[in-house]
Amino acid sequence: MQLTLPKHDIVLLGVGYTNAHVLHMWKMKPIPDARLTCVSNYSVATYSGMLPGVLAGQYPTSRVQIDLVRLCASAHAHLIVDQVIGLDTAERRLLFESRPPLPFDLLSVGIGSVPTREGVESLDDTILAMKPPSQDHDPATQMRCARGSNQ
Ligand SMILES: Cc1cc2nc3c(=O)[nH]c(=O)nc-3n(C[C@H](O)[C@H](O)[C@H](O)COP(=O)(O)OP(=O)(O)OC[C@H]3O[C@@H](n4cnc5c(N)ncnc54)[C@H](O)[C@@H]3O)c2cc1C
């Protein structure tokens, strides 16, 4: 049983392609005297690189989704599920939509990107944005609806 608090607070903002790998490495070799906290706006992360395979019907959506609750628990990391709305670099704190700020000693930011739709003329359901990922986002269902229910 640990009797003292860890000296260092390490925070991973976003648990997608980048930070999920950090979490995996942490699981194999944690940094001594440090506490790891993961922050994500969803409790499930979608691996966008495999979405074309979902759309092609090669595998179900569940195959590209990572359960962050289980992943963090297996690495003995804390998980905070909330939307980060800002970064206070002077005070070294993450700012949230619906909870108090989270202090950190070290922060790794991996929140991906948001594609622009500028210049895209046709804005209908046949155009799917792979980013940002969302928990409810099921590209396979969305694509089938856009094609019509008989396909
Ligand atoms: C079809 C496809 C194929 C690709 N193939 C390759 C490839 O072969 N090689 C390659 O290097 N790259 C590839 N990429 C690009 C790669 O997927 C991205 O570069 C990568 O996902 C970015 O990693 P990330 O961890 O920064 O973000 P993401 O993997 O997008 O994860 C970001 C996470 O942060 C969370 N988040 C976002 N904003 C907030 C917020 N405000 N508060 C809290 N949480 C937040 C999201 O929920 C998400 O879980 C591909 C992309 C696509 C779409």
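The values are calculated or read from the model by the stated rules, or taken from the named source; none is laboratory data. Remember, it's a predicted structure, so these values are computed and weren't measured experimentally. A quick note on method: Cβ atoms are made from the backbone with ideal geometry, for glycine too, and the neighbour counts reach across all protein chains shown.
Would you confirm whether any residue within the stretch 77-86 is touching an Asp or Glu at 6+ places or on another chain (Cβ under 8 Å), assigned to a strand (DSSP E or B) and surrounded by fewer than 16 Cβ atoms within 10 Å (Cβ to Cβ)? Yes, the stretch 77-86 contains at least one residue that is touching an Asp or Glu at 6+ places or on another chain (Cβ under 8 Å), assigned to a strand (DSSP E or B) and surrounded by fewer than 16 Cβ atoms within 10 Å (Cβ to Cβ).
Could you please let me know if PRO100 is more than 12 Å from the chain's Cα centre (by Cα) and in a helix (DSSP H, G or I)? Give the steps one after another, and end with the answer.
Working: more than 12 Å from the chain's Cα centre (by Cα): yes; in a helix (DSSP H, G or I): no.
Criteria not met by PRO100.
May I ask you to list the residues in the stretch 20-35 that are among the hydrophobic types (A, V, I, L, M, F, W, C) and more than 16 Å from the ligand (Cβ to nearest atom)?
MET28, ILE31, ALA34
On inspection, SER43 qualifies as of a type in the set (S, T, N, Q), surrounded by 12 or more Cβ atoms within 10 Å (Cβ to Cβ), more than 8 Å from the ligand (Cβ to nearest atom) and touching a residue at least 60 places away in the same chain (Cβ under 8 Å).
If you go through the stretch 46-75 and keep only what is in a helix (DSSP H, G or I), small (Gly, Ala, Ser), more than 8 Å from the ligand (Cβ to nearest atom) and in contact (Cβ under 8 Å) with a residue 24 or more places away in the chain, you end up with just SER74.
In the stretch 93-119, the residues that are over 17 Å from VAL15 (Cα atoms) and at pLDDT below 90 form Cβ pairs under 9 Å with partners that are within 12 Å of the ligand (Cβ to nearest atom) and among the small types (Gly, Ala, Ser), at six or more places apart or across chains, as follows: PRO115/ALA129; ARG117/ALA129.
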